[in-house]
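Reading through the structure tokens given below for one structure.
Read-outs: derived from the displayed coordinates by stated rules, not from any lab. All values reported here derive from a predicted model rather than from experimental measurement. Quick reminder, even Gly has a Cβ in these numbers, built from the backbone with ideal geometry, and neighbours come from all protein chains shown.
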């Protein structure tokens, strides 16, 4: 996990379902930091954007959008 942006202690404040998305080729925030994040959140789901870099949501917009929309459909509020 990056030293300058370590938010692990705040995870206990999250309520509800969480989807952790990470690019497998992210050089700014290495993929190895995503798994520990998902592991600390009960019931969290993790999606790895294969060959995705730090801008995975733009590089793989269709695939990431599908994953996010599916997640939101399954865990809609209310």
Checklist outcome for this item: The FRET efficiency for residue 13 and residue 53, from their Cβ-Cβ distance with R0 = 25 Å and rounded to 0.05, is 0.30
Checklist outcome for this item: Everything considered on the Cα gyration tensor (a ≥ b ≥ c; rounded for a/c under 1.5, else prolate if a/b is larger than b/c, else oblate), the stretch 9-74 must be described as oblate
